[in-house]
Amino acid sequence: MSREDDELGRQLEALRGPLIRYFARSVRDGSEIDDLIQEVSLRIVRRGQLEDFDRFAGYVFQTAESVLRDRHRRRVVRLADNHVPFDADEHVVPVSGADRALIARDELRQTSVSLAAMPDCTRMVFVLRRLERLPFAEIAIRLGISLSTAEKHMQRATRQLVAECRGDES
């Protein structure tokens, strides 16, 4: 990074507070302010070397005004004020009983295939813990393994099932 780049970065950082106040007067959604400041910085950096840092602040605010004009144009063209926010609770697609049964059957089949592919001890620990609800101490005694080994088998089984549900390769 050159000295000019360092100086440019310092100058931009020094104007961050005033830019925040400038944009806050013009933008209703405060979450957009950081994006607007980023756009100003990007335009200035793209312009390249700035020899005259004495008039730098004026140039930055002229660029900020241009960024606001461009934002306004985009919002008008895209009819942004007419957009409705997405609410997952309102946009839930109900699943019918038959679909739910098919999904559950498919998930059960996939889980059965995954369990069958596990090493015997890992599968047994998982079944005893999750299906029979036995404590790890009893599982360890039944299988003749240590408590920590039983816990590790359970972790391995859980990781494998989660990975396969996500579609991971591992």
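The values are calculated or read from the model by the stated rules, or taken from the named source; none is laboratory data. This one's a predicted model, so the numbers in the text were calculated from it and none came from an experiment. Every residue, glycine as well, gets a Cβ built from its backbone with ideal geometry; the counts of neighbours run over all protein chains shown. Quick note on the areas: whole protein, heavy atoms, side chains included, nothing else; ligands and nucleic acids left out. Shrake-Rupley method; radii C 1.70, N 1.55, O 1.52, S 1.80 Å.
A few points about this structure:
- Among the candidates 163, 157, the residue that is open to solvent by less than 100 Å² (accessible area, probe 1.4 Å), out of contact with any helix residue (DSSP H, G or I) (no Cβ under 6 Å at 6 or more places or on another chain) and either modelled with pLDDT under 90 or assigned to a helix (DSSP H, G or I) (or both) is uniquely 163.
- Residue pairs meeting the criteria (Cβ under 6 Å; at least 6 apart or on separate chains; first surrounded by fewer than 11 Cβ atoms within 10 Å (Cβ to Cβ), in the range 105-123; second aliphatic (A, V, I, L, M) and modelled with pLDDT under 90): none
- Among the residues of the range 1-30, the ones that are in a helix (DSSP H, G or I) and open to solvent by less than 80 Å² (accessible area, probe 1.4 Å) come to 18 in all.
- Filter result for the condition that a residue is open to solvent by less than 60 Å² (accessible area, probe 1.4 Å) and within 30 Å of residue 164 (Cα to Cα), over 99, 87: 87
- Taking the range 5-62 as the range and being of a type in the set (Ser, Thr, Tyr) and either more than 22 Å from residue 80 (Cβ to Cβ) or modelled with pLDDT under 85 (or both) as the test, the residues that pass are 41, 59.
- Some residue of the range 139-154 being among the charged types (D, E, K, R), open to solvent by less than 90 Å² (accessible area, probe 1.4 Å) and either within 28 Å of the chain's Cα centre (by Cα) or within 30 Å of residue 32 (Cβ to Cβ) (or both): no
- Restricting the first member to the range 4-20 and to residues that are over 17 Å from residue 68 (Cβ atoms) and among the polar types (S, T, N, Q), and the second to residues that are assigned to a helix (DSSP H, G or I) and modelled with pLDDT under 90, the beta-carbon pairs closer than 7 Å and six or more apart or on different chains are 11/53; 11/56.
- Qualifying residue in the range 81-102 (condition: closer than 30 Å to residue 35 by Cα and assigned to a helix (DSSP H, G or I)): yes
- Every condition in (1) modelled with pLDDT of 85 or more; (2) under 30 Å from residue 29 (Cα atoms) is met by residue 88 except one, and the failing one is (1).
- Filter pass, residue 86 being among the hydrophobic types (A, V, I, L, M, F, W, C) and in contact (Cβ under 8 Å) with a residue 24 or more places away in the chain: no
- Scanning the range 21-31 for residues that are of a type outside the set (A, V, I, L, M) and under 13 Å from residue 64 (Cβ atoms) gives 21, 22, 23, 25, 26.
- Matching option when the condition is at pLDDT 90 or above and polar (S, T, N, Q), among 2, 66: 66
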